[in-house]
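> One structure is given below, represented as structure tokens, and several questions about it will come after.
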Amino acid sequence: MAEAANGKEDAKRTGLEGPGLPLQGGSHGNLRSAGSDQQLRQMLDSLKSSKSPAVINYGASCQILPSFCKFSDKFKNLTFIYADIDECPETTQNIRYTPTFHFYRDGERVDEMLGTGEERLHDRLWLHS
């Protein structure tokens, strides 16, 4: 139990505690996690005013999350956001399939990918980086 509590504390220090899933490794630089509708709205507002490319992973499980974390280390010029649909029910009410990935450029959503597939996700991230 103490080990789980320590993992949760590590996640809180890095701002990745949102979905209740401690993201492996704790520190992923350009990866953020939205733990509430308010946090996700703030992140979306920030994306809209930013010129940086970004990807949002809307999910309900951690199936692709380890790959998403790994890719956040590889594609440093992209902003990565994980939004658990159970933690952000209002903001994600139009998400019908998990995972859903939304890609942003110059504050506008420019692409969407539905479903898993590490190679598919890698190729799409490469395209948008």
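The values are calculated or read from the model by the stated rules, or taken from the named source; none is laboratory data. Every value quoted in this text rests on a predicted model; they were computed, and no experiment measured them. FYI the Cβ positions are ideal-geometry reconstructions off the backbone, even for glycines, and counts take in every protein chain you see. Protein only, heavy atoms only, side chains kept; ligands, DNA and RNA dropped before computing areas. Shrake-Rupley method; radii C 1.70, N 1.55, O 1.52, S 1.80 Å.
> Starting from the range 40-129, pick out the trypsin sites (Lys or Arg not before Pro) whose DSSP state is loop and whose Cβ has at most 13 other Cβ atoms within 10 Å.
K51, K76, R96
> Moving on. With every protein chain present, what is the per residue accessible area of the range 39-128 (1.4 Å probe, Å²)?
54 Å²
> I want the local charge near F71. Using Cβ-Cβ distances under 15 Å, sum +1 for each Lys or Arg and -1 for each Asp or Glu among the other residues. Mind showing how you got there, number by number?
On the way: positive: R32, K70, K74, K76, R120, R124; negative: D73, E118, E119, D123.
With Lys, Arg at +1 and Asp, Glu at -1, the neighbours total +2.
> Using modelled amide H (1.01 Å from N, peptide plane; none on Pro or chain starts), what sits under 5 Å from the amide H of R32, excluding residues fewer than 5 places away?
Amide H neighbours of R32, under 5 Å, 5+ apart: F80, I81, Y82.
> Accessible area of the range 35-114 with a 1.4 Å probe: how many percent of it is carbon plus sulfur? Don't jump to the answer; show the numbers that get you there.
On the way: 1780 of 4150 Å².
Result for the range 35-114: 43 percent of the exposed heavy-atom area is carbon or sulfur.
> Something else about it: Check which residues have an amide H placed less than 5 Å from D111's amide H, if you skip close sequence neighbours.
F103
> From the Cα gyration tensor of the range 72-113, with a ≥ b ≥ c the square roots of its eigenvalues, which class applies: rounded if a/c is under 1.5, or else prolate if a/b is larger than b/c, or else oblate?
It is prolate, given that a/c is not under 1.5 and a/b is the larger ratio.
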